[in-house]
Amino acid sequence: MNTLKTVGISTTRIDTLQRVTGKAQYTNDVKLPGMLYAKILRSPHPHARIRSIDTSKALAMPGVKAVLTNENCKVIWGAGSIAGGVQYSDEIKKITKQHRYAFNNPVRFAGEPVAAVAAVNRHIAEEALLKIHVEYEPLPFVLDQEDAMKPDAPQIWPEGNLALSNRNEAVPMGQKRGNVQDAFAKSDQVFEDRFSTAFVHNAQMEPRSAVAHWEGDHLTLYTPTGGIANCRTDMARDLGIGQDKVRVISQYMGGNFGNKNQNQDADLIAAMLAKQTGAPVKLELSRKEDYIGMHGRWPTTQYYKVGVSKDGAIQGIQLRGYSGMGPYRKNSGAMAGVELYEVANVETSIHPVYTNKTVSGNFRGPEFPQGYFGMQSMTDEVCANLKMDPVDFVLKNMTRKPGGGAKYTDYSLEECVKRGASEFEWAKRWKKVPGSDPGAIKRGAGMSFMAFRSGLGRSDAVITVNAQGKYTVHVGVTDVGAGAKSTMWMIAAEELGVPLSQVDVMWGDTDHCPYSVGESGSRTTIMTGGAVVEAARDLKKQIAAKGMPAGTAMLTATVSANPRLPEGLVRSAFAAHYVEVEVDAELGRIKVLKYLAVHDCGRIINPLTAHGQIHGGVLMGIGMALHEDLIYDKRSGTALTAGYYGARVLTHRDAPKIDVIFIENDDGYGPYGAKSIGEAGKVPAVAAVGNAVANAIGHRMKDLPITRDKVIAVMA
Amino acid sequence: MKTFSNVNARDAKQAVALSQQARKDGKTPAFTGGGSDLLGMVKERIITPDVLVHLRGMKGFDQIEQRGGGLEIGGQVTLDTISHHPLIRSRYAVLAEAAETVATPQIRNVGTLAGNVSQRPWCWYYRNGFPCFKAGGNTCFSIAGENQFHAIFGGGPSFIVHPSDTAPALVALNATFKIAGPGGDRTVAASDFFVLPKQNAAHENILKDDEFLASVHLPAPRPGTRSTYHKIMDREAWTHAVVSAAIVLEMDHDICRSARIVLGGVAPVPWHVPGAEKLLVGQKITPELIAKVAEVSIAGANPLAKNAYKVPLTRNTVKRTLTELTGLTG
Amino acid sequence: MADPVSSFDVSRREFLEGTGAVALAAVAAVPALGADELPSVPHTAIQVTINGVKQKIDVEDRWTMVEMLRDGLGLTGTKIGCDRGECGACTVLLDGKPVYSCSNLAVWADGRSIQTVEGLAKGDKLDPLQQAFIDHDAPQCGFCTAGQLMSAKALLNNNPHPTADEVRAAMTGNICRCSNYNRYVEAVMSVSGARA
Ligand SMILES: Cc1cc2nc3c(=O)[nH]c(=O)nc-3n(C[C@H](O)[C@H](O)[C@H](O)COP(=O)(O)OP(=O)(O)OC[C@H]3O[C@@H](n4cnc5c(N)ncnc54)[C@H](O)[C@@H]3O)c2cc1C
Ligand code: FES
Ligand code: FES
């Protein structure tokens, strides 16, 4: 492993200097001559038919340049409709029945756009919103995903509340293996329980904004997107123009965590306003709008039934789950976790359900943290009932083969679990008898584990070299914060065998960068990084054949890589998390005392940035476990806690030290054996915290977040 | 934001006059100190002032002075200054500690004592623009709604809790408030400044139009006084109190001569619990006595559907705070 | 008191008389308005020292400090994450103390001095804190970074050798949603160590 010169060595990011000096240009920093400012009017009702909209007073205001509503703007936002977990495409567009327009009638959640105004400044745009008169006919609404499945629930779509798939089928997702009923009959003990998780928002630091600018029939869109290529395709498709007519620029963006790959309605609305007014338009969302107007993690209800034999071997797992998608199925609504166990008998049935809440979609490990919480809380409870040590229970039941006769490209889960247990001093911290600390201050420890997809896939890269020996890597990444630009830079230098100073990176502009999968799903390092490796090899070959270019000539390597794993192999990142908490049973306060995350993310390309990815994921997981919740008023159907204050997002003072151990293996796939890392830190964290709380207080907390009121209800 | 004009008042008299003048012109005035709370409300259009009467520049109101053995704190003194002031730290610890728990350094650097005491409720219905009592309406949405942070004492018809951290400390210290207004200055006991919704459902204190809180007087502490503020928050900083306790004890060796216990986060006003205090007077403080005091401090609590946890939480907070203050271990 | 006039934008240009490059950049950054007769809005001429350069600028009374910095003066290093005092991205130093520039009015800066992230480096020479942020990889997405820097700067100005808990307390008004808190604290501690 140590033959590498750049990869694996802590390297300052290529763009940190810009970020610490304030020079990095984020979308909202863009200012074009003659630019207008736009604001969106949003529905105060969770479900209502719009009887009429009168925009005349707004339009008559000096400084107001355009008002769009569903009457004069019928553009469909494809990626906001039912992509159902797959990237929106021409095929899906053709068959989609349930359309989401930029402006919808009826409106289906409080916060859904009803109109948009462009004006000479943001204050006038905001004033103009107040002058738009909308007459609503409120319709019955439903907020909870289980309520929405009841026969008498208000119907959000004519096809019912079970969300359609991208083939227009209303069927739960699920799998069936063996026979769970037989397994339960043969089990020594069968346990059943219910868990729930809340809607938590990505809450990336940069609130959404978009700047759209038409030159003739050519659109330039500045927008925070982790996937400029997908965003361009989506914009072109929605607007009905050629992809060559759309340029998407995203030089810097303030976080993503899953809600910025594809185009967003804000992009479309800005583009339509710019078209209408003939001027560049900057659309800005407030933090509250971002919270209720952009998607977050789907809330879930999970019913488990688990059968075990005396020795603690799981015989069967049954899961019936409900995921609240909001009124549009922007993502799958799946729940991960069951696949973590090597069990012969499995039956799952997961219902993605329409509700009149804010839309759900991707958020850092979309189906994982909440699914893992339910599944690993359930098994931890089973284990506690059996009076087994969770580490032994996990080692006994965890996945060792991916199933279906397949094999992992390499396997380190056992090492993660064992190494973690010893470094964490599990035996010392874990309470044999949960809740056994005398007095009000109770300590306990919990653990969880992870096996997380780390697939290969398509991405492009272009590398050029000039006569001065300057290499330029063109990649369609924007760097959501995880360091993608630097990763590509390092991979290129390594493969080219040149120092970093000879390599430049061009990013974040579809006019200058080829296709990249986009920074979601922890795929960038693997896929785009893989393409960079290929391009570098190609370029080296060219240099070997033709020599270095002279004068103004350049050599160019263009690669469109789409590597696939051999049949029967599965690539996975593994982890085990260990956490010790202290619960003040009288005051209901939960404090994380010690946290250890052991991860196999394959080879670490840049150790300097890798730790931060795990830190960030874990801390978000702690926030999800203990604080965050978009609480709704049941009668009005509106959100009460949109924002950092309302959601109690962690502060410096809430953040414990996170210890990270990387187990580095090169499985021979991906660039230098790199696996997914961006989401991994968060995936097992929520379950680990929940298990630690249960160990500390001797009560299983089944509903997230584990807030003070819930702790006191069982303890005080 | 809505348009408004900002006017910087030179002194108290002019501040009052500017507010009166605005009203005469058919405009809505609002007093502002640091604006850390006010601007948020203007942006959300919860309030829609036409004129901001900015008080920070008023001469003499950002001073802390010793007066008559006590301390006179100008209403424009920032929370940051209060939390670091040596005299306040040593003699009125409860106030310094309360100020230090407010939000963040950035807010404490501009947030004034008067603004902190006068801030409007942080009930999520009010702050999300529901037309409740506090917004001039005639309902409290929390009663049949999400009320996990609402009042367990003194509620009705509105069930807000008073949001200020310094208010319970000031009531516990027997402070007096000086109010400037059209009729000149008037002085009231801190405890009389705050009013229950029963008396006035729309506003939390006795301030009338064009009146503002000018300064606060703290009486000289009696010998043997010790005090502290304990705040329960739903994260380690930057939120209002779920429950808090401001406690001032006058101790003569191990005998308690007098006690003030004022609770925050539990009632529409800083909630004084005289019944619990009485138990302490003339007594040697023991863990058993503390437990009794804590129990009595929740007498009469009347929780809503989702805030019953606040009752034991309040009891336990009082117990903890007293235990820490007296150096006993529970 | 502010007296309303129309076409305030033109008068603002005339007020700009700063000498530094910052002031010149500001002129170029002023938005060009349409031909509309806009309603008059209360506005006030103020004098404020920004990153050491004294400037006169005409601001609408309702402008927040961050609007003045970003839109009026083109100093876009200061970010808006919430506009409500909930995140800290907009933190600047007002007379040396960290404040939320989204929760203060621009007019209140009259006669005072503001330091922003753009004012930390001296020419090409980075402030030690900036260098430490780079070395410790403190920024992930970087959107909270200017605010973190300003809070840390204020702390070290007053307390060159803080403990880690003091660092957390001083920076607790700066949320990092990338949650790189461990790194931010390490970076600040490393600077204080260097000075020890
Ligand atoms: C995210 C966030 C968290 C917060 N957390 C806390 C907290 O934990 N604890 C807490 O106590 N507060 C908290 N606050 C509220 C507030 O910012 C502080 O209380 C601050 O001290 C208010 O002071 P100010 O001078 O900025 O008040 P301003 O914003 O100027 O005024 C607040 C209110 O009081 C009125 N007012 C101002 N001065 C006077 C006066 N002299 N006389 C009469 N009325 C006056 C104003 O009209 C306004 O209604 C928080 C605010 C935010 C945004
Ligand atoms: S933008 Fe000012 S605190 Fe968030
Ligand atoms: S670095 Fe992204 S929010 Fe802090």
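The values are calculated or read from the model by the stated rules, or taken from the named source; none is laboratory data. Remember, predicted model here, so these are calculated numbers, not experimental data. Virtual Cβ from ideal backbone geometry, glycine too; neighbours counted across all protein chains shown.
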Out of (1) out of contact with any Lys or Arg (no Cβ under 8 Å at 6 or more places or on another chain); (2) within 13 Å of chain C (Cβ to nearest Cβ); (3) surrounded by 15 or more Cβ atoms within 10 Å (Cβ to Cβ), the one B:Phe4 does not meet is (1)
Within the range B:11-46, restricting attention to residues that are closer than 24 Å to B:Asn109 by Cα and polar (S, T, N, Q), which residue is farthest from ligand 2 (Cβ to nearest atom)? B:Thr32
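Return the residue satisfying two criteria in turn: it lies in the range A:1-17 and is among the β-branched types (Val, Ile, Thr) and over 27 Å from the mean Cα position of the chain (by Cα), and of such residues it is farthest from the other protein chains (Cβ to nearest Cβ). Talk me through it step by step, then tell me what you get.
Kept after step one, since they are among the β-branched types (Val, Ile, Thr), are these residues of the range A:1-17: A:3, A:6-7, A:9, A:11-12, A:14, A:16.
With the extra rule that they be over 27 Å from the mean Cα position of the chain (by Cα), the set shrinks to A:3, A:6, A:9.
Details: A:Thr3: 25, A:Thr6: 16, A:Ile9: 13 Å.
By that ranking, first place goes to A:Thr3.
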What number of residues within the range A:627-685 are more than 10 Å from chain C (Cβ to nearest Cβ), among the aliphatic types (A, V, I, L, M) and closer than 18 Å to A:Phe257 by Cβ? 6
Return a yes/no flag: does the range A:375-389 have any residue that is among the hydroxyl-bearing types (Ser, Thr, Tyr) and within 25 Å of A:Val570 (Cα to Cα). yes
Looking across the range C:160-192 at residues that are touching a residue at least 12 places away in the same chain (Cβ under 8 Å), small (Gly, Ala, Ser) and away from ligand 2 (no atom under 16 Å from the Cβ), the single one that is surrounded by the most Cβ atoms within 10 Å (Cβ to Cβ) is C:Ala187
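Within the range B:50-123, which helices (runs of 4 or more DSSP H) (wholly inside it) include 1 or more residues that are in contact (Cβ under 8 Å) with a residue 12 or more places away in the chain, under 13 Å from B:Ser36 (Cα atoms) and near ligand 1 (Cβ under 8 Å from one of its atoms)? Steps first, please.
Working: elements: B:79-84, B:86-91, B:93-100, B:105-110, B:113-118.
Those helices (runs of 4 or more DSSP H) span B:79-84, B:105-110, B:113-118.
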Please work out which residue is nearest to the other protein chains (Cβ to nearest Cβ), limiting yourself to the range C:52-97 and to residues that are basic (Lys, Arg) and near ligand 2 (Cβ under 9 Å from one of its atoms). C:Arg84
Conditions (1) more than 10 Å from chain C (Cβ to nearest Cβ); (2) buried (at least 18 other Cβ atoms within 10 Å of the Cβ); (3) within 26 Å of C:Pro39 (Cβ to Cβ): number failed by B:Ile47: (2)
Inspect all residues belonging to the range A:648-665 and state whether any of them is more than 16 Å from ligand 1 (Cβ to nearest atom), among the polar types (S, T, N, Q) and assigned to a strand (DSSP E or B). no
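Can you work out which of the residues in the range C:146-159 that are more than 12 Å from C:Ile175 (Cβ to Cβ) and at the interface with chain A (Cβ under 10 Å from one of its Cβ atoms) is nearest to the chain's Cα centre (by Cα)? First the steps, then the outcome.
To start, the set of residues in the range C:146-159 that are more than 12 Å from C:Ile175 (Cβ to Cβ) comprises C:146, C:149-150, C:152-159.
From what's left, at the interface with chain A (Cβ under 10 Å from one of its Cβ atoms): C:146, C:149.
Details: C:Ala146: 8, C:Leu149: 10 Å.
If we take residues in the range C:146-159 being more than 12 Å from C:Ile175 (Cβ to Cβ) and at the interface with chain A (Cβ under 10 Å from one of its Cβ atoms), then C:Ala146 is nearest to the chain's Cα centre (by Cα).
Do we find that A:Ala576 is in a strand (DSSP E or B), under 23 Å from A:Leu650 (Cβ atoms) and within 26 Å of the chain's Cα centre (by Cα) in this structure? Can you show your working first?
Numbers: in a strand (DSSP E or B): yes; under 23 Å from A:Leu650 (Cβ atoms): yes; within 26 Å of the chain's Cα centre (by Cα): yes.
Here the answer is yes, as A:Ala576 does meet what is asked.
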Having 2 or more residues that are free of Cβ contacts under 8 Å to residues at least 60 places away in the same chain is the bar; report the strands (runs of 3 or more DSSP E) wholly within the range A:167-230 that clear it. A:218-222
Could you look through the range B:94-128, keep only residues that are in contact with a His (Cβ under 8 Å, 6 or more places away or on another chain) and within 12 Å of another protein chain (Cβ to nearest Cβ), and pick out the one that is farthest from ligand 2 (Cβ to nearest atom)? B:Cys123
Does A:Tyr595 satisfy the criteria of being among the aromatic types (Phe, Trp, Tyr), within 23 Å of the chain's Cα centre (by Cα) and within 8 Å of another protein chain (Cβ to nearest Cβ)? no
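Condition first: more than 12 Å from chain B (Cβ to nearest Cβ), of a type in the set (A, V, I, L, M), surrounded by 24 or more Cβ atoms within 10 Å (Cβ to Cβ) and over 19 Å from C:Thr64 (Cα atoms). Can you find one or more residues in the range C:109-128 that meet it? Even if it seems obvious, please write down each step before you answer.
Narrowing the range C:109-128 to residues more than 12 Å from chain B (Cβ to nearest Cβ): C:113-128.
From what is left, the residues that are of a type in the set (A, V, I, L, M) are C:114, C:117, C:120-121, C:126.
Subset that is surrounded by 24 or more Cβ atoms within 10 Å (Cβ to Cβ): C:114, C:117.
Now narrow it down to the ones that are over 19 Å from C:Thr64 (Cα atoms): none.
Scanning the range C:109-128 turns up no residue that is more than 12 Å from chain B (Cβ to nearest Cβ), of a type in the set (A, V, I, L, M), surrounded by 24 or more Cβ atoms within 10 Å (Cβ to Cβ) and over 19 Å from C:Thr64 (Cα atoms).
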If we scan the range B:278-297, do we find a residue that is closer than 30 Å to B:Arg186 by Cβ and surrounded by 19 or more Cβ atoms within 10 Å (Cβ to Cβ)? no
Go through the range A:386-403 and count every residue that is closer than 22 Å to A:Gly321 by Cβ and out of contact with any Ser or Thr (no Cβ under 9 Å at 6 or more places or on another chain). 2
Identify the single condition in (1) within 16 Å of ligand 2 (Cβ to nearest atom); (2) over 20 Å from C:Glu86 (Cβ atoms) that C:Cys141 does not satisfy, given that it satisfies every other one. (2)
Among (1) more than 8 Å from ligand 2 (Cβ to nearest atom); (2) facing another protein chain (nearest Cβ under 8 Å), where does C:Tyr100 come up short? (1)
Is it the case, given these coordinates, that A:Phe191 is of a type outside the set (A, V, I, L, M), over 20 Å from A:Pro46 (Cβ atoms) and not assigned by TED's automatic domain parsing to the domain that holds A:Ile92? yes
Among residues belonging to the range A:445-454 that are under 25 Å from the mean Cα position of the chain (by Cα) and assigned to a strand (DSSP E or B), point out the one that is nearest to A:Tyr515 (Cα to Cα). A:Arg453
Can you run down the residue pairs with Cβ atoms below 8 Å, 6 or more apart or on separate chains, where the first is in the range A:554-583 and free of Cβ contacts under 8 Å to residues at least 60 places away in the same chain and the partner is among the hydrophobic types (A, V, I, L, M, F, W, C) and surrounded by fewer than 21 Cβ atoms within 10 Å (Cβ to Cβ)? none
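Please tell me if A:Val20 is over 25 Å from the mean Cα position of the chain (by Cα), in a helix (DSSP H, G or I) and surrounded by 22 or more Cβ atoms within 10 Å (Cβ to Cβ).
Working: over 25 Å from the mean Cα position of the chain (by Cα): yes; in a helix (DSSP H, G or I): yes; surrounded by 22 or more Cβ atoms within 10 Å (Cβ to Cβ): yes.
In short, yes.
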For the range A:86-145, give me each residue that is among the β-branched types (Val, Ile, Thr) and in a helix (DSSP H, G or I). A:Ile92, A:Ile95, A:Ile124
Is one or more of the residues making up the range A:266-277 within 29 Å of the chain's Cα centre (by Cα), buried (at least 24 other Cβ atoms within 10 Å of the Cβ) and within 16 Å of ligand 2 (Cβ to nearest atom)? no
